[in-house]
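> Below is the structure I would like to discuss, written out as structure tokens.
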Amino acid sequence: MENALERCIPSWAMNIKPKIAVIGVGGAGCAAVNHIYWTEDDLDTIAINTDQTSLGKIGAHQKICLYSHVLQKETERSPELGRLSALAHTSEITNIIRGHDIVFVIAGMGGGTGTGAAPVVAEISSRLGMITFGMAIMPFSVEDKEAIAREGLRRLRSAAPMTVAIDNDILIEKAPRASVPDVFEMVNAGIHDYINQKAKKVTEVFLEQLIDLEMEVGNLYYEWPATDLDMIRILFP
């Protein structure tokens, strides 16, 4: 597929690529962004959190701290406070997303910031016309956050229908001897692979449409002279 597509791509389009933003919201989302920041050059990384200390330890191209002048406190386990703090930063989030073609919103479900703020970020991205993917990291069952996490997932999917859920319990089942840090590393690596796969697929579709457009424009170009001559004969017989 790739070789065949490359043979069809016009030379002027070879360097055209969609601009992609990966946005981590909350602790788990920012950890995923940190992983991508240090291992990927072609993606814009954005970290959004209410914990300024934690945010300072994250590697990302751009950062937004939500709570400092909005609520004067962290969201703890309140998704509603996370939602309100994101809404208060709507202009800042909009400006940082604008200009991208594809946006991935990553967040852990069950806490305050990721659960409450991620749907707001995804909604802003969708409203701007970006191709928006959501990635919801579901909590371990022993954390007793299932109800909050499920509601957060529902809201994220409402804002970004192309949302996938990553179940930590399934990873534990597949790697029973793995430590919790190892599981988190597996999650981050899996997220990175998923983003690259989806970005590649969207790019291929974009280039296919570009090729179709060039062919259509080319056909019109060859049709126009004859049409113009016909019009001249009609106007000046």
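Laboratory data are not the source of any read-out in this text; all were calculated from the coordinates shown. The structure presented is a predicted model; accordingly, all values stated were derived computationally and were not measured. Virtual Cβ from ideal backbone geometry, glycine too; neighbours counted across all protein chains shown.
> What spacing in nm lies between the two simple spin-label points modelled at V142 and S91, each 7 Å away from Cα in the Cβ direction?
In this crude spin-label approximation the distance works out to 4.7 nm.
> Which lysines, on any chain, are close to K57 with Cα under 23 Å apart, when same-chain ones fewer than 8 places away are left out?
Cα-Cα hits under 23 Å: K73.
> How large is ³J(HN,Hα), in whole Hz, for each residue of region 85-100 in order, when computed from phi with the Karplus curve 6.51 cos²θ - 1.76 cosθ + 1.60 and θ = phi - 60°, using x for Gly and Pro?
5, 5, 4, 5, 10, 4, 5, 5, 5, 4, 5, 7, 8, 3, x, 8
> Go through 162-173, 92-103, 44-55 and give me the packing order, highest mean Cβ count within 10 Å leading.
Working: 162-173: 15.7, 92-103: 17.8, 44-55: 22.2.
Peptide ranking by packing, descending: 44-55, 92-103, 162-173.
> Subtracting the Cα-Cα distance from 0.36 nm times the residue separation, let me have the gained length for K17 to Q62 in nm, one decimal.
Taking 0.36 nm per residue and subtracting the Cα distance, the gain is 14.1 nm.
> Once you list every other residue whose beta carbon is under 15 Å from the beta carbon of A31, what net charge do they have if Lys and Arg are +1 and Asp and Glu are -1?
Net of charged neighbours comes to -2.
> Between Y194 and Q52, what length in nm is gained on full extension when 0.36 nm per residue of separation is reduced by their alpha carbon distance?
48.3 nm
> Provide the per-residue ³J(HN,Hα) series for region 42-48, in order, calculated from phi with Karplus coefficients 6.51, -1.76, 1.60 and θ = phi - 60°, each as a whole number of Hz, with x at glycine and proline positions.
9, 10, 7, 10, 10, 10, 10
> Would you please give the residues with an amide H less than 5 Å from that of T132, counting only those at least 5 places away or on a separate chain, with H modeled from the backbone geometry?
V103
> Around G112, which amide H atoms from residues at least 5 apart in sequence, or from another chain, sit under 5 Å from its own amide H, with H modelled in the peptide plane?
Under 5 Å from the amide H of G112 lie the amide H atoms of S78, each far enough along the sequence or on another chain.
> Which percent of Cα pairs goes in each bin when the distances of region 124-165 are cut into 10 angstrom slices starting at zero?
Calculated over all Cα pairs of region 124-165, the distribution is 30, 45, 20, 5 percent.
> So what's region 28-175 giving for Rg/Rh, alpha carbon basis, Kirkwood Rh from the mean inverse pair distance?
0.94
> What lysines sit close enough to K200 to cross-link, taking a C-alpha to C-alpha distance under 23 Å and skipping anything fewer than 8 places away on the same chain?
K17, K19
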